[in-house]
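Notes follow once the structure below has been shown.
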Amino acid sequence: MKTSVKAVQVTFDDSSMYVSLNDGRMLGVPLAWFPRLLHASLEQRQNFTISTSGLHWDQLDEDISIAGLLAGHGDLTHRHPQAA
């Protein structure tokens, strides 16, 4: 899913990440969706860059797309396949 909506600000509290978008919306997502962020220090969480497609934490090797957040996706890299 491609979107023209961009992040303009990211903030955190103890359990959530809040992403302000350029269209006026604010997304609040639980840090539990992103284990690398959940287990990171506040300093590590705040060391991110905003790109045209999402958010990047170089030190944590974490990339989060705005399209994924809008679709309700958390960290897809650690999902286990469902048993048949």
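The table for this structure:
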| quantity | calculated |
| --- | --- |
| Close pairs from the range 45-61: first farther than 14 Å from residue 8 by Cα, partner small (Gly, Ala, Ser), Cβ under 7 Å, at least 6 apart | 60/40 |
| Answer residue from the range 1-33, given it is hydrophobic (A, V, I, L, M, F, W, C) and not in a strand (DSSP E or B) and is surrounded by the fewest Cβ atoms within 10 Å (Cβ to Cβ) among those | 1 |
| Residue ID - modelled with the lowest pLDDT, chosen from residues in the range 49-64 that are surrounded by fewer than 19 Cβ atoms within 10 Å (Cβ to Cβ) and out of contact with any helix residue (DSSP H, G or I) (no Cβ under 8 Å at 6 or more places or on another chain) | 52 |
| Condition met for residue 37 (of a type in the set (A, V, I, L, M, F, W, C), modelled with pLDDT of 95 or more, closer than 19 Å to residue 67 by Cβ and in a helix (DSSP H, G or I)) | yes |
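The values are calculated or read from the model by the stated rules, or taken from the named source; none is laboratory data. What you are looking at is a predicted structure, and each value in this text was computed from that prediction instead of being measured. Note that we place each Cβ from the backbone using ideal geometry, even for glycine, and neighbour counts take in every protein chain shown.
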